[in-house]
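What follows is a set of notes on a single structure, which appears directly below.
The values are calculated or read from the model by the stated rules, or taken from the named source; none is laboratory data. None of these values were measured; they are calculated from a predicted model. Because the Cβ atoms are built from the backbone with ideal geometry, glycine has one as well, and the counts that use them run over all protein chains shown.
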Amino acid sequence: MTSSPKSSCKIVIDSAATHHMFNDNSIFTSLELCAPFVVSTGDPTRNLCAEGKGPHDTTIRRTIVIEKLAQEKFKIVINRETTVTGQIINVLMSVTHEEPKALMPAGDVWHHKLGHPLNQASKTLGLPSLSNTCETCILGKLALLPFSSSFEKVNQPLEYIHKDLVGPITPESNSGFPYFLTIVDQFTSFKSVRFLKTKNEAFKEIIEWKAYAEKLHSPRIKKLVSDRGREFGNKNFPMLAASCGFVHLFAPTSTPENNGFPEHANRTILDKVRCLLLTSNLPRSYWAKAVNTASFLSNIVPTPSRDNLSPFSLWSSKPSRIKRLKTFGCKDFILIHKNKREGKLSTTSKEGILLGFVNDNSAYKILRLRDKAVVITRHSLFVEDKFPSLDNTPIVPPFFRWVEIDQEDDNTFFDCKEIHECSASRYPDTHCRTKVIGPRHPTLIQGDVDAQNIFPYSPRPKTFIASSTPVPASYSRAISGSKSSLWIDAIREELHSMKRLGVWSVIPLRQDFKRVGTTWVFKRKHNAMNEITEYKARLCAQGFSQTFGQDYSKTFAPTGFLQSLQALIAYSVKKNLDFQQLDICSAFLNASLDGDVYLSIPQGLAMCKKSYCLNLKKAIYGLRQAPLAWYKRLTAWLTDNIAVFGSELSSFKEDIKNEFDVKYLGKADLMLGIKIDHFNYGLLLSQTHYVEMELALYGMSECRLVATPMVPHSHLEESSLEECTTRPDISFAVSSLSQFLEKPGMEHWNAFLHVLRYLKGTTYLGLLYALNKDSGFCAYSDADWGNCKHTRHSFTGFILSFNNCLIIWKTHKQPMVSLSTTKAEYKALTDLCTKVLWLRQFVKELCLCELDGPTTLFNDNQGCINMASSDRNSNTRRMKNVEIQLHFIREVIHNGLIKIVYVPTSKMLADSITNSVCRPTLVKCLEALSVLILRARGDVENREKC
């Protein structure tokens, strides 16, 4: 078969044909007319007539054999220049032969890899030359003709050092740098770049670079040249020059062309940066990564004026390595270490974008597409002809973006500084590298230990994370964003509810009216699986403009304790009661107001704001007196999110439905941020969704795991982590890290990340409220004497269970220094005793159980127990500061409300929330407290069947 790669025609491949036949005269190099002859076809009723014959300029000599072709469409590669594609029509293979797309010439490929250098550089390296004019170079490099050099020749490095500042560049880099400083050695033409947030940082960067350069080369800097910018013309540089013995020279004012070396270096770098960004399709905010790469590439390209040696070779006395170069911004696949994979059948790589080179291009700096994190690795596969586009919006705030390895910022300059390689089998620590207090380091779970072995019951199912789309902060953003239709519907629903309930009346505006402003608050509601169920808009009053005594008087409105809810849940499990949830729609709008309150016309209400205002009849969110008004209206129900326990709830539902607009949510599955899983044998309370959102917020979703929430026997402060209401295992860590929130240090930040790593491995941990025969209370109190190494205050820890279900636990630092362990233990015992008395009274009022005898309090300090049980006062002569607590506990014991029993320290369950313990102790305590890992739904069902 003969075909032409320059033509386009319809070709039918037929193995029974006797000749190659074409229907286009133009594809023949010469055509000889001949006597017409008949050509038979597959259709006996139809024959064709041939008009001429002749040679063709391209002959396909290889025979094509197709044994089996089942597809309707096929592709046949005949040689590197000819490809035919087509489909089967009426048993014949019909293809359309088009002019093929030629592969990019090798010279063009190397031109892109080296960052668009001159053709002379490619020839010096022995590489193919550029085949055609590079339009990218024209777009990014066209400039004025050069000035002649005004500097004398030099014979060794560091004789002349030139520096210049570039910026401010908009937009700022991803790391927040608007400037970069270029430092050039005149002899070697070696370029270094340093990134600055302000011009004043130039002096510090020069000092650091000077120390590095003079350590690498024996001679010291002789002359330092710069322009007369304020960052170089201040008093710091003359003082530095006088102390170090070099001369600081200035280029003539307003003639940067005479400062040729740094200006030429800046032009070279910026030319490459523009070309790199144009080719890679990366946003301009990645210019710092491109500057680093451009500086590195220009240093490894040979210089004709230096005997075709590269600046890097002259500077470091090492040859340049270009074999491992890859195209900046190209697509690559990062190897996932086998210990990081989700399973045997999971993918072995993740997609990324090449952002630069590390350690003389022996390793690569990669941007992971999934989480926008920058990692350094050697194990990557590059696809150099593909350049993925990148969304410019980060997933997490830059300050909180954390990766598995030490993230190298934009301030890295590519000299011959030693940089350790980082492969997929080696992950440097991201925890605190300095000891805070205490000699021991965290015990990390290594690669051969599965995360499921941290606790006996640990599944790894997937859950949903809330949408990264931010909730609109204002009315204008809500009605103009991507979800505007959903938010507009929510606004209309809120206004309709207010109109239906008669929240306000419209009256003419008078000058003596004091109006309260309004604002819209938007929120997405989620279910137990963290899926979005509702878009909610709420009109709120700006209550901060109200004045006490004039606009309102009383504001106090009581609310229930979380411990009350947990006690009721424990009671419902024991009695096998139905636990349901309902929500009162627009709760505050049902409460009437005492007195006149005037409201400005809100956004979204079509009405003249200058002529009218709203006279409020009902309370709305934001008013200072609104909670009290709602409490008066709903005294019997307490909150608008109601949990109902009982065996027959139909009558209750009917009564409350007659009073309010109520949504019945069925079985309680998510209440007050707590996820509730219902099983045949009980309930499990967890906060999996909260933990996963915290991990995602701080960029720790793929972090390594640790076995304990804190380093055993360490003492730290400060954290922004809110205490999880279903996680007693992190109680001590949260209490320790939350003491000094105003001035956190790096060691505190790393300790906080340690807690997040622990939460990552125990995401599905929760409180199990299981059906059992036990009833009554059980309590443990413990104290760690002088635990705080800064103040020597002791820590209190206690737990209290009801019907063998953990209800109350607390860890806190005692307000006063205790002079002995007995005093510290007694203070902890007093705190626990007050909680026991409250819970006993709560249970008694609701008739939840029979209180036949005293509640047992377990303690591991004999001195504390003897002092509480003794009637003599001789023990208190030197303990006047605890005498009141002493008599309080003795009176409670005397009244038969509590009794104190000794328990060995090895069996003290409160030990895990009083100090940082090792993993075996933590596991033992949590199992005894029914704190278990929630399994996947199928595993739970299997357990129920057993």
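Quick test for you: out of 295, 285, pick the one residue that is under 30 Å from residue 704 (Cβ atoms), assigned to a helix (DSSP H, G or I) and either touching a Pro at 6+ places or on another chain (Cβ under 9 Å) or modelled with pLDDT of 80 or more (or both).
Selected residue: 285, the only one of 295, 285 that is under 30 Å from residue 704 (Cβ atoms), assigned to a helix (DSSP H, G or I) and either touching a Pro at 6+ places or on another chain (Cβ under 9 Å) or modelled with pLDDT of 80 or more (or both).
All but one of (1) out of contact with any strand residue (DSSP E or B) (no Cβ under 6 Å at 6 or more places or on another chain); (2) under 18 Å from residue 699 (Cβ atoms) hold for residue 365; state the number of the condition that does not hold.
Result: residue 365 passes all but (1).
Restricting the search to the stretch 350-377, which residues are over 24 Å from the mean Cα position of the chain (by Cα) and either assigned to a strand (DSSP E or B) or at pLDDT 80 or above (or both)?
Of everything in the stretch 350-377, those that are over 24 Å from the mean Cα position of the chain (by Cα) and either assigned to a strand (DSSP E or B) or at pLDDT 80 or above (or both) turn out to be 357, 358, 363.
Conditions (1) outside the structural domain of residue 114 (by TED's automatic domain parsing); (2) touching an Asp or Glu at 6+ places or on another chain (Cβ under 9 Å); (3) polar (S, T, N, Q); (4) modelled with pLDDT of 85 or more, marked per residue:
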position	(1), (2), (3), (4)
270	no, no, no, yes
280	no, no, yes, no
304	no, no, no, no
308	no, no, yes, no
346	yes, no, yes, no
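Residues are listed down the side, and each one gets a yes or a no for (1) closer than 17 Å to residue 730 by Cα; (2) in contact with a Leu (Cβ under 7 Å, 6 or more places away or on another chain); (3) modelled with pLDDT of 85 or more; (4) crowded, with 17+ Cβ neighbours inside 10 Å:
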{"site": "774", "(1), (2), (3), (4)": "no, no, no, no"}
{"site": "777", "(1), (2), (3), (4)": "no, yes, no, yes"}
{"site": "782", "(1), (2), (3), (4)": "yes, no, yes, yes"}
{"site": "788", "(1), (2), (3), (4)": "no, no, no, yes"}
{"site": "792", "(1), (2), (3), (4)": "no, no, yes, no"}
{"site": "800", "(1), (2), (3), (4)": "yes, yes, yes, yes"}
{"site": "803", "(1), (2), (3), (4)": "no, no, no, yes"}
{"site": "816", "(1), (2), (3), (4)": "no, no, no, no"}
{"site": "822", "(1), (2), (3), (4)": "no, no, no, yes"}
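Mind listing just one residue for me: the one in the stretch 169-191 that is part of a strand (DSSP E or B) and more than 32 Å from the chain's Cα centre (by Cα) and, of those, surrounded by the most Cβ atoms within 10 Å (Cβ to Cβ)?
Per the stated criteria, the residue is 191.
Give me the residue from the stretch 842-860 that is modelled with pLDDT of 85 or more and over 45 Å from the mean Cα position of the chain (by Cα) and, out of that set, surrounded by the most Cβ atoms within 10 Å (Cβ to Cβ).
Among residues in the stretch 842-860 that are modelled with pLDDT of 85 or more and over 45 Å from the mean Cα position of the chain (by Cα), the one surrounded by the most Cβ atoms within 10 Å (Cβ to Cβ) is 855.
Return the residues of the stretch 259-282 that are in a helix (DSSP H, G or I), more than 15 Å from residue 327 (Cα to Cα) and of a type outside the set (Asp, Glu); say none if nothing qualifies.
260, 261, 262, 264, 265, 266, 267, 268, 269, 270
Name the single residue that is surrounded by the most Cβ atoms within 10 Å (Cβ to Cβ) among those in the stretch 657-685 being basic (Lys, Arg) and touching a Phe, Trp or Tyr at 6+ places or on another chain (Cβ under 9 Å).
The residue in question is 675.
Kindly indicate whether residue 327 is of a type in the set (S, T, N, Q), in a loop (DSSP other than H, G, I, E, B), in contact (Cβ under 8 Å) with a residue 40 or more places away in the chain and not assigned by TED's automatic domain parsing to the domain that holds residue 195.
Considered against the rule, which asks whether it is of a type in the set (S, T, N, Q), in a loop (DSSP other than H, G, I, E, B), in contact (Cβ under 8 Å) with a residue 40 or more places away in the chain and not assigned by TED's automatic domain parsing to the domain that holds residue 195, residue 327 comes out as yes.
List the number of the failed condition for residue 719; all other conditions in (1) closer than 11 Å to residue 755 by Cβ; (2) at pLDDT 75 or above; (3) among the small types (Gly, Ala, Ser) hold.
In the conditions (1) closer than 11 Å to residue 755 by Cβ; (2) at pLDDT 75 or above; (3) among the small types (Gly, Ala, Ser), residue 719 misses (2) alone.
What is the residue count in the stretch 832-857 for residues that are charged (D, E, K, R) and assigned to a helix (DSSP H, G or I)?
Result for the stretch 832-857: 4.
Looking at (1) buried (at least 21 other Cβ atoms within 10 Å of the Cβ); (2) part of a loop (DSSP other than H, G, I, E, B); (3) hydroxyl-bearing (Ser, Thr, Tyr), which is the only condition residue 346 fails?
So residue 346 meets the others, but not (1).
Applying the selection to the stretch 780-831, what residues are free of Cβ contacts under 8 Å to residues at least 40 places away in the same chain and either assigned to a strand (DSSP E or B) or outside the structural domain of residue 902 (by TED's automatic domain parsing) (or both)?
Scanning the stretch 780-831 gives a single hit, 800.
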